[in-house]
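Student: The structure follows.
The values are calculated or read from the model by the stated rules, or taken from the named source; none is laboratory data. Note that the structure is a prediction, hence the values are computed from the model and not measured. Cβ atoms come from the backbone with ideal geometry, glycine included; neighbour counts cover every protein chain shown. Side chains are part of the model used for accessible areas, which takes the heavy atoms of the whole protein and leaves out ligands, DNA and RNA. Shrake-Rupley method; radii C 1.70, N 1.55, O 1.52, S 1.80 Å.
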Amino acid sequence: QVQLVESGGGLVQPGGSLRLSCAASGSSSRFYTMGWYRQGTGKQRDLVATLTSGGRINYADSVKGRFTISRDNAKNTVYLQMNSLKPEDTAVYYCNFKSALDDYWGQGTQVTVSS
């Protein structure tokens, strides 16, 4: 059974940086797309960034130029480097891995941007 374990969330001041990580365990499946989504309080879950195994990247307009997604296929791990953080980036961040047959979600990690 695949489990996604996230780390790296926390409290940061506006303009600061955080790096999120998400690692898959319990499977040797190939994950075609790895990505990050976020959900603010009372809001829907929205795409932040995705990265395919072929290297295609998609970012939400609100994070372009500030966030960078990367992946380590050998470790089945995806990263999200978040720079120039803003209060509106505050949310629970979820990683998502897609294989040929299944769709997996992490448990979520809280990111709070506040002074």
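Student: In the chain, with Lys and Arg counted as +1 and Asp and Glu as -1 at Cβ, which of these residues, Tyr59, Ser25, Pro14, has the Cα nearest the positive end of the dipole, that is, farthest along it?
Tutor: Tyr59
Student: Please identify every one of the trypsin sites (Lys or Arg not before Pro) in region 34-110 that sits in a loop by DSSP and has no more than 15 other beta carbons within 10 Å of its own beta carbon. If you can, show how the numbers build up before the last one.
Tutor: On the way: sites: Arg38, Lys43, Arg45, Arg56, Lys64, Arg66, Arg71, Lys75, Lys98; in loops: Lys43, Arg56, Lys64, Arg66.
Listed in order of number, the matching sites are Lys43, Arg56, Lys64, Arg66.
Student: While we're looking at this one, here's another question. What number comes out for accessible area per residue over the chain if the probe is 1.4 Å? Units Å², please. Walk me through the intermediate numbers first.
Tutor: Details: 6170 Å² over 115 residues.
With the other protein chains kept in place, the chain gives 54 Å² per residue.
Student: Something else about it: So how far, in whole Å, is the C-alpha centre of region 1-70 from the one of region 81-115?
Tutor: 5 Å
Student: Considering only protein heavy atoms and a 1.4 Å probe, what is the carbon-and-sulfur percentage of the accessible area of region 46-110? Could you put the intermediate results ahead of the total?
Tutor: Working: 1570 of 3280 Å².
For region 46-110, the apolar C and S fraction of the accessible surface comes to 48 percent.
Student: Something else: Would you work out which of Thr68, Gln107, Thr50 lies farthest towards the positive end of the dipole of region 37-115, given +1 charges on the beta-carbon of Lys and Arg and -1 on that of Asp and Glu, about the Cα centre?
Tutor: Value: Thr68.
Student: Another question, if that's okay. What is the magnitude of the charge dipole of the chain about its Cα centre, with +1 placed on the Cβ of each Lys and Arg, -1 on the Cβ of each Asp and Glu, and no other charges, expressed in debye to the nearest 20? If you can, show how the numbers build up before the last one.
Tutor: Working: 12 positive and 8 negative charges, 39 e Å.
Once rounded to the nearest 20, the dipole reads 180 debye.
Student: Further question: Leaving ligands, DNA and RNA out of it, rank Asp61, Asp72 by accessible area with a 1.4 Å probe, largest first.
Tutor: Working: Asp61 125, Asp72 45 Å².
Ranked list, largest accessible area first: Asp61, Asp72.
Student: Let me ask something else. May I ask you to list the residues of region 1-36 whose amide nitrogen lies under 18 Å from a point 7 Å from Cα along the Cα→beta-carbon direction of Ser99?
Tutor: Only 1-6, 22-35 pass the distance filter.
Student: Under the √(5λ) rule applied to the eigenvalues of the Cα gyration tensor, what semi-axes describe the equivalent ellipsoid of region 10-115? Give them in Å, descending.
Tutor: Numbers: eigenvalues 114, 38, 30 Å².
One finds semi-axes of 24, 14, 12 Å for region 10-115.
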